[in-house]
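Heads up, the thing below is written out as structure tokens.
The values are calculated or read from the model by the stated rules, or taken from the named source; none is laboratory data. Owing to the predicted nature of the structure, the values given are computational and were not obtained by experimental measurement. For neighbour counting, all protein chains shown are included, and Cβ atoms are generated from backbone atoms with ideal geometry for every residue, glycine included.
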Amino acid sequence: MAVPTGKTSHKRKSSRRSAAYTIKAPALTTCPNCGALTAPHKACVNCGQYKGRQVVVMDDAKATK
């Protein structure tokens, strides 16, 4: 049968849970074609290129911004 442990203090409980509440900044890389910040392993939302290829057809109005 399991033996009940002692009361867990507030400090011990909070320090154990502290890693779950850390906020991390999203990883961003620069697009080699246009220089805009984009998420890694995703097509650039500004120019539509990924790994040197045009994978998303962009409108001229959006591409000039």
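For LYS24, state whether it is part of a loop (DSSP other than H, G, I, E, B), modelled with pLDDT of 85 or more and charged (D, E, K, R). Break it down stepwise before answering.
Working: part of a loop (DSSP other than H, G, I, E, B): yes; modelled with pLDDT of 85 or more: no; charged (D, E, K, R): yes.
When the stated conditions are applied, LYS24 does not pass them.
Do the conditions hold for VAL45, that is, is it over 21 Å from the mean Cα position of the chain (by Cα), assigned to a loop (DSSP other than H, G, I, E, B) and surrounded by 10 or more Cβ atoms within 10 Å (Cβ to Cβ)? I'd like the intermediate steps shown before the answer.
Details: over 21 Å from the mean Cα position of the chain (by Cα): no; assigned to a loop (DSSP other than H, G, I, E, B): yes; surrounded by 10 or more Cβ atoms within 10 Å (Cβ to Cβ): yes.
Against the criterion (over 21 Å from the mean Cα position of the chain (by Cα), assigned to a loop (DSSP other than H, G, I, E, B) and surrounded by 10 or more Cβ atoms within 10 Å (Cβ to Cβ)), VAL45 does not qualify.
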